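K.L.:
Here you go, one structure.
The values are calculated or read from the model by the stated rules, or taken from the named source; none is laboratory data. Since the structure is predicted, the reported quantities are computational estimates derived from the model, not experimental observations. No Cβ is skipped: glycine too gets one built from the backbone with ideal geometry, and neighbour counts run over all protein chains shown. Quick note on the areas: whole protein, heavy atoms, side chains included, nothing else; ligands and nucleic acids left out. Shrake-Rupley method; radii C 1.70, N 1.55, O 1.52, S 1.80 Å.
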There are 2 protein chains.
Amino acid sequence: MKAFILSIGDELVLGQTVDTNSAWISQQLASVGCDIVAHKTVGDDQQLIEAAIREGSTLADAVVISGGVGPTEDDLTRQAIGTLLGEPLELNAEWLAEMQRFFTRLARPMPKSNEIQAMIPRGATMLFNTCGTASGVRATVGGAQVFAMPGVPKEMKAMFARDVFPWLKERSGGAVILQKTLHTFGAGESTIGERLGSLMMRQRNPRVGTTVSQGIVSVRVNARYESLDRATAEMNTTVGLCRAALEDRIFGEDGETLPQVVAQLLVSGGVATSVATAESCTGGMLAKVLTDIPGSSRYFKQGWITYSNEAKASQLGVRKETLEQNGAVSEPVVKEMALGARERAAADFALSISGIAGPDGGTEAKPVGTVCIGFAHSNGVTAGTFIFPGDREMVRDRAAKMALMMLRYHLLDKPMPV
Amino acid sequence: MKAFILSIGDELVLGQTVDTNSAWISQQLASVGCDIVAHKTVGDDQQLIEAAIREGSTLADAVVISGGVGPTEDDLTRQAIGTLLGEPLELNAEWLAEMQRFFTRLARPMPKSNEIQAMIPRGATMLFNTCGTASGVRATVGGAQVFAMPGVPKEMKAMFARDVFPWLKERSGGAVILQKTLHTFGAGESTIGERLGSLMMRQRNPRVGTTVSQGIVSVRVNARYESLDRATAEMNTTVGLCRAALEDRIFGEDGETLPQVVAQLLVSGGVATSVATAESCTGGMLAKVLTDIPGSSRYFKQGWITYSNEAKASQLGVRKETLEQNGAVSEPVVKEMALGARERAAADFALSISGIAGPDGGTEAKPVGTVCIGFAHSNGVTAGTFIFPGDREMVRDRAAKMALMMLRYHLLDKPMPV
């Protein structure tokens, strides 16, 4: 079963609203093995809507539309379907009565303009809206089944679940698509791609691809098979091969985030181990992501943001000589920051960050993006120097993530790969 | 000028990632009067990519693509453009050298697989990527100009601004759409809507609407006229009316953020005034947003993250009695936190936050969402108690924003409206 996703609205095509419906619908369809041919978005123009539905009906078995079924003059999806069918719109008595009940509940008269929301092309089927006044439409255009739903996400989702998904699921012929995503941080996309090697061949099933978001390189695995058992087995095999290729570069799966994974490691021993932070260029970002997690007071002890050299000295006990001899962005300084934070917070671990986030402050020896990260633990203190590409936001973000990775590898009792 | 927006990637078509690039690109193009014919999204399939580019080139004067120019085997946009042009891909020496410099700077060898990112179809133009390793492509397909950019939003936006927008702007010409957005924080959308009154009538030009994102209620004004002069004049009039209705509830315009506006106020007197932070439930988020701004060391002195009562006492000098008598989430405690932070950091101002971000820790008297904010300045210390709706992330975010608003109103020498 092939599907074409169409969203309609001037606000979408002008970019004033981001289309989240298409992604949501795609996930639902993919889960029952639908092959998504394309998403398309057009404005509130009847001819463009007609052309898009016609395109979808030639490319796919199902055209799933959201938007353009409201009560105002710029809502033209019903009319477009009517024109494509060569049929007039007719007032659907069942939905009209439903709308009238809706307005009676609100103790308001029903505006005349709402009547259009009960108009359905002759020969088409009305779809119930359990959260609003816009009915939907199901019709056969060419060889394809066309579903028109409201653009309001809540209404669309309810209608989809009630009348669209069951119809498609029954006809999808049982093909199953499973999806799994593995997240890595620290190695570039090309390095990850090279390690995956032939796993990334395009014709492979399960298919393996990579995407990058905020420095996180994610490996996506999509398995498409006739049965759930087969899909599950093949998915497990391929995920196993990806894990073997990338080892503990993979920090999490699917919805897991790096701070979540580190938090789990910190509390997983039964007794929570605790962490403190001492930040310069990241200005609180590391503490912020560590405390994003509910219950973070179990493991987060205390944090310092010491921008100036004076604060590093007075608050964390970094020695004047260390600062003078090495500069604030140096391994000796972050080591003393981490040791000072660990001791003062009476924490098991302390992470420290000092760097040049930019855009100013870079030198030839220490260009913008240079970041030193320190890590104090029960056996002493270590530090590393990194150069992160990108702007201030990126450098700060990558520095905080790298600090979490240092802690993660320590908690795993493994060396960090180069 | 008509434009067709194409985004490419399995993760998009499968709904694993929401496409935000198309909306952003559309906004940019609409601002210079481009007519957006459609958005389309296809997966990592060379034939589908070719068909989509061909479609765009017949419908529009410009096809603006994001995605599919990475270093792995599922990146096929370059190859598709080459096929449409009937030209081979050639190694672009300029970009290869640029990539090699990029890797040298990171002190890493360039993986061989990155070379593909310097491959450009013969006769096409290479587009510079200022934030990453994937070059872009500009080519003429049919009668249309095709721009291929990376899918990573940051890289795409930089490339668009540098090489795509100027090209399109010069060749657009015709209707002008101006957009202006005014940002408020603290009042709800309905309150803002009521104050705007008849300015929000749909048939009005310039059109006025509101949107809410992360607690920021923004007023969008769109002016569409035949000439730039007329559009500018009408825009100024309408923005003036909006400003009169909302007064200093408006903290900024367009791309301005609340931390930026506060930072400008802190440094605008010629001599920078300085601020320190003391955070409990926000865990560094307030310091993080204050230091998001380049040059924040001019005004940001120092920050403490004191989650536990012990840390509040030992690091900031909050008295045991104050904690015992009032609890950690109380105005007396945030006042002492702010006073302690201001004194220890020798700062002009200090902001403090203590609250119940949830999901646990709420009581009947102090439900989840209760946040006390303290503010110490040269004339003493004030505090306020707020109840923010939503989950942990929302409560923390709103608390940090409200603290910035307290500082902003103080710097404006105005009372905060209720």
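K.L.:
Could you tell me which of the residues A:GLY142, A:GLY197 is of a type outside the set (Lys, Arg), under 30 Å from B:GLN117 (Cβ atoms) and in contact with a helix residue (DSSP H, G or I) (Cβ under 8 Å, 6 or more places away or on another chain)?
P.N.:
Answer to the check: A:GLY197.
K.L.:
Could you tell me how many of the residues in segment A:157-178 are within 12 Å of chain B (Cβ to nearest Cβ) and not hydrophobic (A, V, I, L, M, F, W, C)?
P.N.:
0
K.L.:
When the residues of segment A:179-192 are narrowed to those that are within 21 Å of B:VAL152 (Cα to Cα) and touching a strand residue (DSSP E or B) at 6+ places or on another chain (Cβ under 6 Å), which ends up farthest from the other protein chains (Cβ to nearest Cβ)?
P.N.:
Looking at residues that are within 21 Å of B:VAL152 (Cα to Cα) and touching a strand residue (DSSP E or B) at 6+ places or on another chain (Cβ under 6 Å), I get A:PHE185.
Residue-wise test of (1) part of a loop (DSSP other than H, G, I, E, B); (2) open to solvent by 10 Å² or more (accessible area, probe 1.4 Å); (3) of a type in the set (Lys, Arg); (4) in contact (Cβ under 8 Å) with a residue 24 or more places away in the chain.
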| site | (1), (2), (3), (4) |
| --- | --- |
| B:MET110 | yes, yes, no, no |
| B:ASN114 | no, no, no, yes |
| B:GLN117 | no, no, no, yes |
| B:MET126 | no, yes, no, yes |
| B:CYS131 | yes, yes, no, yes |
| B:ALA134 | yes, no, no, yes |
| B:VAL137 | no, no, no, yes |
| B:PHE147 | no, no, no, yes |
| B:LYS154 | no, yes, yes, no |
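K.L.:
So which strands (runs of 3 or more DSSP E) stay within segment B:338-418 end to end and still have 1 or more residues that are loosely packed, with under 15 Cβ neighbours inside 10 Å, away from every other protein chain (no Cβ under 14 Å) and among the hydrophobic types (A, V, I, L, M, F, W, C)?
P.N.:
It comes to B:380-387.
K.L.:
For B:ASP254, indicate whether it is open to solvent by 40 Å² or more (accessible area, probe 1.4 Å) and within 30 Å of B:PHE349 (Cβ to Cβ).
P.N.:
For B:ASP254, the condition - open to solvent by 40 Å² or more (accessible area, probe 1.4 Å) and within 30 Å of B:PHE349 (Cβ to Cβ) - is met.
K.L.:
Do the conditions hold for B:THR211, that is, is it hydroxyl-bearing (Ser, Thr, Tyr), touching a helix residue (DSSP H, G or I) at 6+ places or on another chain (Cβ under 9 Å) and surrounded by 13 or more Cβ atoms within 10 Å (Cβ to Cβ)?
P.N.:
Yes; evaluated as a whole, the condition is true for this residue.
K.L.:
So, A:ILE49, is that one within 18 Å of A:GLN145 (Cβ to Cβ) and in contact with a His (Cβ under 7 Å, 6 or more places away or on another chain) or not?
P.N.:
no
K.L.:
Pick from segment A:1-16 the residues that are in contact (Cβ under 8 Å) with a residue 40 or more places away in the chain and under 19 Å from B:LEU178 (Cα atoms): which of them is nearest to the chain's Cα centre (by Cα)?
P.N.:
Selected residue: A:LEU12.
K.L.:
If you don't mind, another one. Provide a single number: the residues in segment B:303-337 that are open to solvent by less than 10 Å² (accessible area, probe 1.4 Å) and within 7 Å of chain A (Cβ to nearest Cβ).
P.N.:
5
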